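Input: a single structure, listed below in structure tokens.
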Amino acid sequence: MTSGRLANLLPPIAFGLAVLAVWEAGVRLLHVPAIILPPPSAIAMRLAASVPTLAADFNQTIRGVLAGYAIGSLAGFVIAVLIDRSQFLQRGLMPIGNLVSALPIVGIAPIMVMWFGFDWQSKAAVVVVMTFFPMLVNAVAGLSSAGAMERDLMKTYGADYWQTLLALRLPVAMPFIFNALKINTTLAMIGAIVAEFFGTPIVGMGFRISTEVGRLQIDMVWATIVVAAITGSLFYALVAGVERRVTFWHPSYRAKEA
Amino acid sequence: MKKSLFVFAGLAAILAAGAAHAADKVTLQLKWVADAQFAGYYVAKDKGFYKDENLDVTIKPGGPDIAPEQVLVGGGADVVVDWMPAALAAREKGAEMVNIAQPFKRSGLELTCRADTGIKTPQDLKGHTLGVWFAGNEYPFLNWMAKLGFKTDGSPGGVKVIKQNFNVDPLIQKQADCISTMTYNEYWQVIDAGYKPSQLVVFNYTDEGVSTLEDGLYVMQDKLKDPAFVDKMARFVRASMKGWDYARAHPAEAVKIVLDNDSTGAQTEHHQTQMMAEINKLTAGSDGRLDLAAYQQTVKELLSSGGSDPVISKEPVGAYTTVVTDKAFGKK
């Protein structure tokens, strides 16, 4: 199994290294100015030299990301359960959820800054707005995905609504819920970083990107992008790992074992 | 065959003659949106001063987070309006931009505080929350704080800094005790928001002795090797300064010209009239030539800003040139 795993990792690693090599060679051979596109070596050096700054930025942004992610996903889930109980609420809340998800971040971010201040709370608020609807839609779809036969079985056991929910409908909804959780990791990162463009104390990944662009320190911009990319990937991988544990029974996992 | 050759030759001759009379194209990138801060250029365009110098000028307005240095280096403009600290910092990073003219003699940067915060002198700023623009506008502030001995990273005994957007909300919403304003723009936005001058405490960077040169014209160094380009820029500077002179003599007409050129429709006559009056104070007395004493003062300010992140770390070499203004106005 380990050799199979390794064989799976080799192509992406090789491809990534090839891209970096072409980038480095291209920038040097074509004498591209560093303020347009720095070579990967310069970015790596800048990253190594700026660890305290980048760590402080990460610290600031991640608070907004995690708080917003948790609140937004939880709110979406709770509303989905409420909707499940009441058709009236479904017809009322779904279109509103749809509207809220369509609001552009660049519009709501300044408003959130005005309401919640310059610190991470306003970024969390933006992330809540962005992550609410995906979770709502997926949880509603998941809760209605239990088969009719299984629901009838629960009825024959005399299970009430809550017992059916906990024993049957929630587990069956898990693939959908984790789908939303994975989408929300990306949205949370984007939301927090972009919201930081619109007002922040002078620390944070979004702040770093926007000010270093203004100072023409593009290698620092790329270093921040690398940190954001690694954070986002690790976050996604974490959620995917939990998903694997919780929904081990799902057919999509079986195929890989063969 | 001979007939088509004649037609072809005739066409070529007409085209060549046409090209000889075609005006030289110039693209100017402004530092901010189309408003009275750049009235001189819009006046020069609309009153035909550029046309008289055989120039066809395209004026590109700037905006939030548009760094003129990037546009210049990226080839998006022949000449840009920029502040000297940002230009010198960019030059040190390898963007070889050179100051060719300095229409703004005075600085309009100030820090406006609410009087109810109890701040009366710069020393009182300690421990307060201050709003600062970034995107190249933070250098004079960082310089001043270094002089006052206040750290800006939020450590105790220093000041707390927030990245202010290009509006005055942090002051009005009481999220900051002081914000950065220009004498000609944001200060009036605060007044228009209902504050009386008696409710505000204003620190003018010039009065504090930490002002740096603001709106100047910059081009890429390698382009100055071409004498035709130098000649083109000389004509451009001459016509632009004529525009500034006109704006000082006829401010109401200049405001109308600026409003006509504002494609966003966001500017109001009331605001632009105030702005024009203040801008005219900043350009008064400037003939376009860079005052070398003022340049040295700005460089000294930036070199002494010290700290872990100095604006510039060494004396700039070749950051300005007089060849353009010498050609435009004759050697001083």
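B:VAL159 meets the conditions (1) within 12 Å of another protein chain (Cβ to nearest Cβ); (2) in contact with a Lys or Arg (Cβ under 7 Å, 6 or more places away or on another chain); (3) in contact (Cβ under 8 Å) with a residue 40 or more places away in the chain in every case but one. The failed one is (3). Of the numbered conditions (1) in a helix (DSSP H, G or I); (2) over 18 Å from B:TYR41 (Cβ atoms), B:GLY265 satisfies every one except a single condition; which is it? Here B:GLY265 meets the rest and fails (1). Residues that are out of contact with any strand residue (DSSP E or B) (no Cβ under 7 Å at 6 or more places or on another chain) and not hydrophobic (A, V, I, L, M, F, W, C) were ranked within segment B:71-102; the one that is surrounded by the most Cβ atoms within 10 Å (Cβ to Cβ) is B:PRO85. The combined condition, being within 14 Å of chain B (Cβ to nearest Cβ) and either in a helix (DSSP H, G or I) or acidic (Asp, Glu) (or both), is not fulfilled by A:ASN8. Of the conditions (1) within 23 Å of B:TYR42 (Cα to Cα); (2) in contact (Cβ under 8 Å) with a residue 24 or more places away in the chain; (3) among the hydroxyl-bearing types (Ser, Thr, Tyr), B:TYR187 satisfies every one except a single condition; which number is it? Single failed check for B:TYR187: (1). Does segment B:128-145 contain any residue that is away from chain A (no Cβ under 14 Å), surrounded by fewer than 17 Cβ atoms within 10 Å (Cβ to Cβ) and of a type outside the set (Phe, Trp, Tyr)? Within segment B:128-145 (the criterion being away from chain A (no Cβ under 14 Å), surrounded by fewer than 17 Cβ atoms within 10 Å (Cβ to Cβ) and of a type outside the set (Phe, Trp, Tyr)), the answer is no, since none of the residues qualifies.
Condition check ((1) closer than 15 Å to A:PHE77 by Cβ; (2) among the hydrophobic types (A, V, I, L, M, F, W, C); (3) more than 12 Å from the chain's Cα centre (by Cα)) across all residues:
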{"site": "A:PRO134", "(1), (2), (3)": "yes, no, no"}
{"site": "A:ALA141", "(1), (2), (3)": "yes, yes, yes"}
{"site": "A:ALA159", "(1), (2), (3)": "no, yes, yes"}
{"site": "A:LEU165", "(1), (2), (3)": "yes, yes, yes"}
{"site": "A:ALA173", "(1), (2), (3)": "yes, yes, yes"}
{"site": "A:PHE178", "(1), (2), (3)": "yes, yes, no"}
{"site": "A:ILE190", "(1), (2), (3)": "no, yes, no"}
{"site": "A:VAL194", "(1), (2), (3)": "no, yes, yes"}
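For segment A:17-60, the set of residues classified as away from chain B (no Cβ under 14 Å) and closer than 30 Å to A:VAL127 by Cα consists of A:ILE43, A:ALA44, A:LEU47, A:ALA48, A:VAL51, A:LEU54, A:PHE58, listed by residue number.
All conditions in (1) modelled with pLDDT of 90 or more; (2) within 14 Å of chain A (Cβ to nearest Cβ) hold for B:GLY154, with the sole exception of (1). Exactly one residue among A:MET189, A:MET174 is closer than 23 Å to A:GLY68 by Cβ, touching a helix residue (DSSP H, G or I) at 6+ places or on another chain (Cβ under 7 Å), of a type outside the set (S, T, N, Q) and surrounded by fewer than 22 Cβ atoms within 10 Å (Cβ to Cβ), and that residue is A:MET174.
Scoring A:TYR236 on the criteria (1) more than 10 Å from chain B (Cβ to nearest Cβ); (2) more than 17 Å from A:VAL128 (Cα to Cα); (3) crowded, with 21+ Cβ neighbours inside 10 Å leaves a single failure, condition (3).
Any chance segment A:86-104 includes a residue that's more than 18 Å from A:MET189 (Cβ to Cβ), within 14 Å of another protein chain (Cβ to nearest Cβ) and outside any helix (DSSP H, G or I)? Checked against the condition, which is being more than 18 Å from A:MET189 (Cβ to Cβ), within 14 Å of another protein chain (Cβ to nearest Cβ) and outside any helix (DSSP H, G or I), segment A:86-104 yields no hits at all.
Under the condition of being modelled with pLDDT under 90 and of a type in the set (Asp, Glu), the residues counted in segment A:22-38 number 0. Residues in segment B:82-109 that are within 12 Å of chain A (Cβ to nearest Cβ) and under 12 Å from the mean Cα position of the chain (by Cα) were compared, and the one that is nearest to B:ILE257 (Cα to Cα) is B:ASP82.
Scanning segment B:162-175 for residues that are more than 8 Å from chain A (Cβ to nearest Cβ) and either assigned to a loop (DSSP other than H, G, I, E, B) or in contact (Cβ under 8 Å) with a residue 60 or more places away in the chain (or both) turns up B:PHE166, B:ASN167, B:VAL168, B:LYS174.
Cβ separations smaller than 8 Å between residues 6+ apart or across chains give the following pairs from segment A:193-205 residues that are more than 7 Å from every other protein chain (Cβ to nearest Cβ) to residues that are charged (D, E, K, R) and outside any loop (DSSP other than H, G, I, E, B): A:ALA195/A:LYS123; A:GLU196/A:LYS123; A:VAL203/A:ASP57; A:GLY204/A:ASP57; A:GLY204/A:LYS123; A:GLY204/A:GLU196; A:MET205/A:ASP57; A:MET205/A:GLU196. Filtering segment A:210-233 for residues that are touching a strand residue (DSSP E or B) at 6+ places or on another chain (Cβ under 9 Å), more than 8 Å from every other protein chain (Cβ to nearest Cβ) and of a type outside the set (S, T, N, Q) leaves an empty set.
The values are calculated or read from the model by the stated rules, or taken from the named source; none is laboratory data. Keep in mind it's a predicted model, so treat the numbers as computed, not measured. Using ideal geometry, Cβ is built from the backbone for each residue, glycine included, and neighbour counts are taken over all protein chains shown.
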